[in-house]
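Computed from the coordinates by the stated procedures, all read-outs in this text should not be read as laboratory data. Here the structure is a predicted model, which means the values were calculated and not measured. Using ideal geometry, Cβ is built from the backbone for each residue, glycine included, and neighbour counts are taken over all protein chains shown.
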Amino acid sequence: MKQIAVIGAGTMGNGIAHVFAQKGFKVNLIDTQAAALEKALQTIQKNLDRQLAKNVIDEATKTATLANITTKTSIQEGVSNADLVVEAATENSDIKKSIFTQLDQYAPAHCILASNTSSISITQLANATQRPSQVIGMHFMNPVPVMKLVEIINGQATSEATTEAIVTLTKTIDKIPCVVKDFPGFIANRILMPMINEAIIALSEGVSDAATIDQIMKLGMAHPMGPLQLADYIGLDVCRNIMVIMQEGFQNDKYAPSPLLVQLVSEGKLGVKTGQGFYTY
């Protein structure tokens, strides 16, 4: 694999593009919004400067990484010569299915189609294509240049050859692949999100305040960040959406999002990105 296409220039998309480009792959970063692409390039440059300041990379690596990234506003143009496409668009099932239908139409026949979804069924996305054996999940963690884990999700029709290719590729970009089956929330969010949700329920019941709940989990359980602060960084809307996906997917109300979480999202208090969540930023 030499040519990578990344769909979506948001936080995850620009991080994924950064990592592949830094390891010498040619990357087309694709977004319908030119302004989003410009912002993504600025973010990548800023993150490379941070790596440079810490002596993680040298100036030549920074220059080469930026040279390996080309921006595109057209999916058709951006994926026409891709060996792998990683979709990192909005965490919305209908939007992702529409993108996968387009990818199937415009990407070369040999191309593997991957999704960075954190909870949406890979099998459902694969069913939007004529190549379900070549569809797989590549769930990177945020921030992508720093976090080692990539959760690899096999859909029902994902072939062994596809899985092997993506596991090998993940190691090539200096990440650690962990392969899981296609269940709602996979493993990472199936465990993480109910913990966050329970912390929110405890807060709403007045068991303690946000700072104390987070402090207990940091000091007592060796978590680098408490669950409420982490929720703010993930985005409270994302947390709610993942809980709803699991509630519906498992048909089990134990995954129902906390009423307080639902309320904060409805008020537009989504965490760090809006300046207000469980904490003020």
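Listing for the model above:
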{"item": "Debye log10 I(q)/I(0) at q = 0.21 Å⁻¹ for segment 65-202, Cα point scatterers", "result": "-1.37"}
{"item": "Contact order relative to length of the chain, as percent, for alpha carbon pairs under 8 angstrom and 6 or more apart", "result": "13"}
{"item": "Signed unit charges on C-beta, dipole axis of the chain, positive-most listed residue PRO194, VAL6, LEU270", "result": "VAL6"}
{"item": "Span from the segment 137-151 Cα centroid across to the segment 180-226 one, whole angstrom", "result": "19"}
{"item": "The chain: antiparallel DSSP beta bridges as a percent of all, rounded to 5", "result": "20"}
{"item": "LYS254, LYS96, LYS181 arranged by Cβ crowding within 10 Å, fewest neighbours leading", "result": "LYS254, LYS181, LYS96"}
{"item": "Percentage relative contact order, segment 190-271, counting C-alpha pairs under 8 Å, at least six apart", "result": "32"}
{"item": "Exposure proxy order (Cβ contacts within 10 Å, fewest to most) of CYS178, CYS111, CYS239", "result": "CYS178, CYS111, CYS239"}
{"item": "Least to most buried among ARG50, ARG131 (fewest other Cβ within 10 Å first)", "result": "ARG50, ARG131"}
{"item": "Segment 204-281: GluC sites (Glu not before Pro) falling in loop per DSSP and having at most 11 other Cβ within 10 Å", "result": "GLU205, GLU267"}
{"item": "Global form of segment 32-112, assessed from the alpha-carbon gyration tensor, a/c cut-off 1.5", "result": "prolate"}
{"item": "Descending semi-axes in whole angstrom, ellipsoid equivalent of segment 190-271, from the Cα gyration tensor", "result": "20, 14, 12"}
{"item": "Signed unit charges on C-beta, dipole axis of segment 136-262, positive-most listed residue ALA161, LEU260, TYR233", "result": "ALA161"}
{"item": "When the chain is reduced to its Cα atoms, the Kirkwood hydrodynamic radius in Å", "result": "19.5"}
{"item": "Lys, Arg +1 and Asp, Glu -1 on Cβ, resulting dipole of the chain about Cα centre, debye, nearest 20", "result": "560"}
{"item": "Tensor-based shape of segment 118-168 (alpha-carbon gyration tensor, a/c under 1.5 rounded, otherwise prolate or oblate)", "result": "oblate"}
{"item": "Length-normalised contact order of segment 1-153 in % [C-alpha pairs under 8 Å, at least 6 apart]", "result": "24"}
{"item": "For HIS110, net neighbour charge (Lys/Arg +1, Asp/Glu -1) across residues whose Cβ lies under 15 Å away", "result": "-1"}
{"item": "Local electrostatic count at LEU37 - Lys and Arg +1, Asp and Glu -1, tallied over other residues with Cβ under 11 Å", "result": "0"}
